[in-house]
Every structure is written in C-alpha cells, then in structure tokens.
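Here the structure comes first, spelled out in structure tokens, and everything after it is commentary.
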Amino acid sequence: MKYTFRIFLLCAIAMALFTGCSIDGMHGHVEYFEMEVPAAPEVRGASGFQKPNTRDWRGSINVHAGVTERERLSGIRNDVEPCSNVGQCPNTSKQDWPEDVYGTYKITFPRWDASLDILNKYDLFLWSFGFSYNDGLFSYVSIGMNTPSFEFGAGIGLWIMGRDYEYGGTNLMCLQDLFDEEKYSLDESDFSGSSGMSSVFTYSAYASVFYNAFSLNYSVIAYTPVNDANESRNDYYVDAGFSLPLVITEYITASYRINKNFEVRVGAINVFGNFPGWHWAATSGITYYFK
C-alpha cells in the first residue's frame, strides 16, 4: 500500500511538471461511518473458592442472545489541523468543511464465544490468563484475590477483532501553481472504504461472591475502537483526525457448580459507553474444569 501511494505521488509530481501545479496539502475529510462494536470478551475469576497453591484449567462455551441495535454518535469532529495549506486555496477555508462526522455504532447480537483459561492460586492471590475466540482472537492476563467467600481482580487484554467498518468522505488536495507561488486551486474527490480487522487493548475488573456451589459474578471490560480511516490509498490520502467513543461491556451472571468438572452460568450483558443508550442481551454458558 505504501509503495502504491508513493507511485501515486510520483505520478502527481510528473503531472505537475506538465500542468504547472504542485501538491501543497492533502486531507481526507471523513463525513460518515458505521462501525460494528461487539460485546467484549468476558474476563472473570475462579467463580468459587480455589485451594491455595493449585492450578485449574477450564474451557467454556457461551451464547449471547439479543438483537442488533444502532446508536448515532455525537461529538465526533474532524481535526483538519494537519491540512492547514488547504485553507490557502481560493475561496476556501477550513471553516468551509463541517467538522462534525455522522457516525454510527452498530451493537450486534446474537453472538457466541469459546475460551480456555488457566487459573493459578498462590496463597490468596489468583493469577489467570487465557485465550478465547470472540469475533477474533482474544488473550488476557489478570491478577486478583480469592477467598473462601468472595474474590476480586483486574486485568488487561489484547483483542484482534473482526468487525465491519465502512466510511466515506471527501479528499481535498490543494495545488500550488509552479509559476505563481501565490496562486492555488482546490481539487476535490469522493472516497469510501471499509475495514474488517483491528487490534484493541481491553481493561477489565471482576468481582464474585459465592456460597457452596453457587456464585454471583460481575465483570466489566472497556475498550476504545480503532479508527482505521487513516491510510494511503491508490488515488487519495485519508487522514482522519478523530478518536472514537469508549465501549464498555458488563457481565452479570449466576453460576452453579454441578460437580467437580461442570459448571453452568446464566445472566445478562450490557453494552454502553460514551454514546446514548444501554444495550442488553441474555447470556448462558457451560464450563468444564479439567480435573
């Protein structure tokens, strides 16, 4: 992609030699986008008392039932500061281009995921790390405290996620006359693009209370989606200077340990953040402990 863009610039320079113009500034002005923001993978503790100085392996399969909903975002604004030269073009200024971006988050259900966790208990401290498939590959590490009646902890993760992201806008190119340095002209062209993969960091916290084979569990996971509208294309350059709103996922579940190997869980998921509305879905799953 970088080589393609360099070829494009070389061609533009060659054209400038014949047309008497050179490129003095470029800006990809994003005007709309729609991004899929799935519920983040769950990070939880042992969901019960684990004996000190032991290690447990567990595998889980979960299903999340709900409906797809869309939320129109507000406060998303282009940052055209890198494009100061475009304002030099005749009858053109940065104020001529609206800063607001019409963006939409698409919260999608139903979904499913599968995970494998390793739980290491040292005295009261519980170290855990795991992997899961949830619209991509997810890995995490967490640390917490696990007592006979409750636990709590926090963790970080890396999510290589697959999601639909479509965007479009106007590419602005300011051309400077080679023979008259005070003469400029503005070239405009439409662009659109899409992206299917991105990598995000997640930040999580969890807490549980338990009695015998029953436990009540709460976990919260936060991530900020990646704005992929910053790239070079064959015939334009997209430089979208804006950040996307935070997405927070809550899990509220109850679990029951049937025996030393099997556990069942039911509960609810809530997706919300720096955008309007709360988006609820039901969740259920089964866990197998490798004893």
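The values are calculated or read from the model by the stated rules, or taken from the named source; none is laboratory data. Everything numeric in this text was worked out from a predicted model, so none of it was measured. Methodologically, a virtual Cβ is constructed for each residue, glycine included, from the backbone with ideal geometry; neighbour enumeration extends over all protein chains shown.
Please specify each residue of region 119-132 satisfying the condition of being surrounded by fewer than 14 Cβ atoms within 10 Å (Cβ to Cβ) and part of a strand (DSSP E or B).
Tyr122, Phe125
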Legend entry - Unique match (being surrounded by fewer than 21 Cβ atoms within 10 Å (Cβ to Cβ) and either within 25 Å of His29 (Cα to Cα) or not hydroxyl-bearing (Ser, Thr, Tyr) (or both)) among Gly285, Gly241: Gly241
Legend entry - Among (1) touching a residue at least 60 places away in the same chain (Cβ under 8 Å); (2) on the phi > 0 side of the Ramachandran plot; (3) polar (S, T, N, Q), the one test that Asn212 misses: (1)
Legend entry - Hits in region 267-278 - residues which are out of contact with any His (no Cβ under 8 Å at 6 or more places or on another chain) and more than 22 Å from Ser115 (Cβ to Cβ): Gly273, Asn274, Phe275, Pro276, Gly277, Trp278
Legend entry - Criterion: modelled with pLDDT of 60 or more, under 30 Å from Tyr288 (Cβ atoms) and surrounded by fewer than 18 Cβ atoms within 10 Å (Cβ to Cβ) - qualifying residue of Arg55, Arg70: Arg55
Legend entry - Residues located in region 90-119, provided they are at pLDDT below 85 and closer than 19 Å to Gly241 by Cβ: Thr92, Ser93, Lys94, Gln95, Asp96, Trp97, Pro98, Glu99, Asp100
Inset, instruction - Kindly indicate whether any position in region 195-203 is over 14 Å from the mean Cα position of the chain (by Cα), farther than 30 Å from Gly169 by Cα and either outside any strand (DSSP E or B) or not polar (S, T, N, Q) (or both). - result: no
Legend entry - Flag for Gly28 being crowded, with 20+ Cβ neighbours inside 10 Å, among the small types (Gly, Ala, Ser) and at pLDDT below 95: yes
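Is it the case, given these coordinates, that Asp135 is at positive phi, touching a Lys or Arg at 6+ places or on another chain (Cβ under 7 Å) and surrounded by 15 or more Cβ atoms within 10 Å (Cβ to Cβ)?
So Asp135 passes the test.
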